[in-house]
Amino acid sequence: MLRAEKEQIVADLTTELGGAASILLTDLSGMDVETMNGLRAEFRKAGVKYQVAKNTLVKLAVKGTPAEAMGEMLAGPTALAWHPEEPSLPAKIVKDFLKDNKNFTVKGGYIDGDAIPGEDAVKTLADMPSKDQLRAQLLGLIKQVPGKFLALLITPQRQFLAVLKAYEDKLKEEGGEA
């Protein structure tokens, strides 16, 4: 590989990995081509980027970034999986893939400056809610707060009116006018 090609690969990886919220590192050894093509197809369908890269080039690409924390896991054949917007998506796909493919190895992962070794990375990342789920939860909270605030504001008036109504009913029972 020519120096210019390596520099281009490092530049591309720097751009791609710099924008990734999480990265999953896998080991391809022991996998047959058909199985790997199936995994690649699943990733492609979901918009997940999956790339085999030389460890030295990946180390150069993440040098000086928070992703540098995953440098210790960059040994042996390595493939990187990431999604530019959805940090948990690659891990969810790999979690399903691991159920049927026991010889597939996860080296670890990276999220927000922390390296997570081994399959713990898949468990940690796959259990994270998606962006859409987080948005829905946030909107639910935002919608809930004004309703509770209004209920709190009108409770004293409602209670006062209930007391007046009870007093009016008592007067009517005694034969007086309200």
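Things to note:
- Residue count, the stretch 1-55 (criterion: at pLDDT 85 or above, of a type outside the set (A, V, I, L, M, F, W, C), in a loop (DSSP other than H, G, I, E, B) and closer than 20 Å to SER88 by Cα): 1
- The set of residues from the stretch 119-134 being of a type outside the set (Lys, Arg) and either touching a residue at least 24 places away in the same chain (Cβ under 8 Å) or assigned to a loop (DSSP other than H, G, I, E, B) (or both) comprises GLU119, ALA121, VAL122, THR124, LEU125, ALA126, ASP127, MET128, PRO129, SER130.
To keep it simple, each residue is scored yes or no on (1) surrounded by 11 or more Cβ atoms within 10 Å (Cβ to Cβ); (2) not assigned by TED's automatic domain parsing to the domain that holds VAL48.
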residue	(1), (2)
ALA115	yes, no
LYS123	yes, no
ARG135	yes, yes
GLY140	no, yes
GLN144	no, yes
GLN157	no, yes
GLU173	no, yes
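- Taking the stretch 12-54 as the range and being among the aliphatic types (A, V, I, L, M) and within 21 Å of ASP112 (Cα to Cα) as the test, the residues that pass are LEU13, LEU17, ALA20, ALA21, ILE23, LEU24, LEU25, VAL48.
- Scanning the stretch 14-28 for residues that are in contact (Cβ under 8 Å) with a residue 60 or more places away in the chain and either surrounded by 13 or more Cβ atoms within 10 Å (Cβ to Cβ) or touching a Gly at 6+ places or on another chain (Cβ under 7 Å) (or both) yields a count of 10.
- Test result for LYS165, of a type outside the set (S, T, N, Q) and in contact (Cβ under 8 Å) with a residue 24 or more places away in the chain: no
The values are calculated or read from the model by the stated rules, or taken from the named source; none is laboratory data. Please read all numbers here as calculations on a predicted model, not as lab measurements. Using ideal geometry, Cβ is built from the backbone for each residue, glycine included, and neighbour counts are taken over all protein chains shown.
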